[in-house]
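See structure below.
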Amino acid sequence: MTRRRAHLPALLGVALALSGCDAGIRSDAESGLEDGRRLTAAERARLRAVHRGEILREDKPFYGAAVEVERGSVNGTPLPRRLEGARGVSLRLPGQSGVETIAGAITAASGIPVNIRTRYVLAGGEVVSVPIGTRMAVKDYEGPLSAFLDRLAARMDVAWSHDGKVITIDRMTRRAWRIALPLGTTEITDEFETAGEMRILTARRLDPWADLETRLAPLAPPPAHVTLAPESGRVEVFGPPSVLEAVSAVLEDVAATASVRIGIEVAVYWVDTDRADEFGVGLQTAFARIGSAGGRAVDGSVLLGDGVDVLDVASTKTAAGDNVSEALTLSLSGAEGGGIVLSRGSSFVSFEALARESAVVDYRLASSVAQSGVVTPIALTEERSYIRNVTSERGDESNPTTFEYEIGELETGLSVAALARLVEGRRIQLALVFSQRAFRGFDPDVLARTGTIQAPTVDNREIRNETVLSPGETLVISGYEQDMSLTGESGLGILRRLGLGGKREAARRKVRLILLVRPTLIPVRRPGAG
């Protein structure tokens with residue numbers, strides 16, 4: 001009994017040691033399983049990268065660099081994979097070699113026949129031959145065949161293609177572009193006659209396709225050829241690759257300009273001359289302050305002169321410290337036909353809100369969207385019929401005299417012709433012609449003498465302006481002053497005709513015409529944009 005008690009501590013120690021070993025074994029086993037899972041996930045990621053054709057980059061130091069194969073372009077059917085690796089083809093030729101020698105070396109290295117084409121049949125049946133006289137050195141080239149063919153094409157100004165069986169080297173090639181230029185020819189003849197019998201005639205002829213043909217002619221000399229198809233909007237060029245590259249640069253610029261949409265907003269206000277300062281927030285007062293301060297603002301730019309002036313709406317103080325925060329105004333007192341450009345911040349000016357000003361007697365608003373270089377006509381007119389002439393045919397005793405009336409049509413109202421063109425820096429060159437034709441009544445002397453014939457009296461007013469604006473800037477033109485008659489009737493129709501109520505009021509005001517034009521660029525949504 002005593003001996004068993006003496007061995008008891010030893011047995012307990014052995015039991016504790018065995019349990020500790022078991023815990024260690026379990027810990028090592030779990031760590032090994034975790035390492036196995038991690039290595040398996042890493043290997044799975046490596047295999048996925050290999051399937052995607054990616055380059056594996058190991059997190060361990062190595063000597064050298066990863067090899068990235070720079071393949072060339074794909075023209076037609078892709079070249080065989082065996083010829084597109086880092087050691088696809090090996091070429092070595094002595095000295096400077098011609099295209100025939102290089103073609104033979106390509107066939108020997110790749111096993112693909114090479115066809116060299118330098119003779120072409122033109123549209124009229126004429127056969128033209130354009131030789132390839134350039135030579136190049138080929139020294140120890142090793143790499144993808146497509147990359148070498150691209151180098152050959154750039155050196156010799158040729159194009160290459162592969163149809164799955166044969167590689168063809170062309171001295172001349174064809175390419176077509178789609179161009180959205182306006183169709184037809186626009187002819188504008190603007191005639192202006194002054195009271196002193198001075199006659200000003202301005203003629204413009206707009207033909208975008210003829211202008212494009214003129215630009216492309218020096219870029220594609222014979223035997224190259226340019227074919228324009230305005231009806232289908234296509235431009236096809238036949239020539240060497242260098243010619244196609246030069247033509248492509250021009251057509252990309254033309255296409256980018258033609259794709260821009262220019263929005264034009266026009267507002268015409270007739271403002272009471274006695275309340276002109278109430279229209280807007282008093283530009284006339286602001287101009288007087290700025291002019292007395294030297295015409296230069298501290299926080300912006302205010303340029304005053306005889307031509308088109310520029311007013312920065314964000315300007316708040318003049319050099320003398322006067323506050324001109326009310327400088328946003330459209331009440332102009334400058335010379336007839338002069339203009340002011342409202343610059344920064346003017347895109348937020350609402351033409352509809354200005355029409356609700358108490359000083360506005362009448363107004364017209366219009367808007368349109370056009371391409372660059374396209375005339376935008378805006379007409380707000382109405383037609384009035386009048387008796388132009390009367391002819392009578394005397395009858396006999398049984399037939400009374402018959403009268404035949406010749407009716408004329410008089411068109412009155414407003415017309416605006418705006419020609420907007422996109423120039424350098426995404427600015428807009430705007431040529432504007434504004435004309436107003438107002439009916440003033442019939443000549444009382446003619447009506448008194450004839451009793452029937454009506455001779456209308458018409459006022460013709462015209463304003464011209466041409467300037468360069470940034471998108472969102474507002475061109476403000478203070479036009480002429482004129483008299484306007486206003487009439488109003490009140491009361492019920494039947495009672496008023498019987499003289500039992502109602503009244504008729506008439507007033508005559510002197511009004512000033514103010515014209516606002518604001519061009520903007522409408523953004524084009526890119527393909528695939530959300």
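The values are calculated or read from the model by the stated rules, or taken from the named source; none is laboratory data. Keep in mind that what you see is a predicted model, and the values were worked out from it rather than measured. Neighbour counts are summed over all protein chains in view; Cβ atoms, including those assigned to glycine, are modelled from backbone coordinates with ideal geometry.
Looking only at the range 141-151, decide whether some residue is farther than 25 Å from LEU251 by Cβ and over 45 Å from the mean Cα position of the chain (by Cα).
yes
Need pairs with beta-carbon distance below 7 Å; first residue exposed (fewer than 13 other Cβ atoms within 10 Å of the Cβ) and within the range 368-397, second of a type in the set (S, T, N, Q) and not in a strand (DSSP E or B); sequence gap 6+ or separate chains.
Filtered contacts from the range 368-397: SER392/THR401; GLU393/THR401; ARG394/THR401; GLY395/THR401.
Please indicate, with yes or no, whether at least one residue in the range 194-211 is surrounded by fewer than 17 Cβ atoms within 10 Å (Cβ to Cβ), at pLDDT 90 or above and assigned to a strand (DSSP E or B).
Within the range 194-211 (the criterion being surrounded by fewer than 17 Cβ atoms within 10 Å (Cβ to Cβ), at pLDDT 90 or above and assigned to a strand (DSSP E or B)), the answer is no, since none of the residues qualifies.
Any idea which of LEU181, LEU152 is crowded, with 17+ Cβ neighbours inside 10 Å and under 23 Å from ASN75 (Cα atoms)? Reasoning before the result, please.
Numbers: LEU181 fails: under 23 Å from ASN75 (Cα atoms).
Exactly one of LEU181, LEU152 is crowded, with 17+ Cβ neighbours inside 10 Å and under 23 Å from ASN75 (Cα atoms), namely LEU152.
So, in the range 415-431, how many residues would count as being on the phi > 0 side of the Ramachandran plot and assigned to a strand (DSSP E or B)? Step through it out loud before you land on a result.
Keep residues of the range 415-431 that are on the phi > 0 side of the Ramachandran plot, which gives 425-426.
Okay, now just the ones that are also assigned to a strand (DSSP E or B), so none.
Residues in the range 415-431 being on the phi > 0 side of the Ramachandran plot and assigned to a strand (DSSP E or B): 0 in total.
When the range 155-166 is examined, which residues are found to be more than 13 Å from VAL74 (Cα to Cα), surrounded by fewer than 18 Cβ atoms within 10 Å (Cβ to Cβ) and not charged (D, E, K, R)?
Matches in the range 155-166: VAL166 only.
Only one of (1) within 27 Å of ALA159 (Cβ to Cβ); (2) assigned to a strand (DSSP E or B); (3) within 21 Å of the chain's Cα centre (by Cα) fails for VAL266. Which number is that?
(1)
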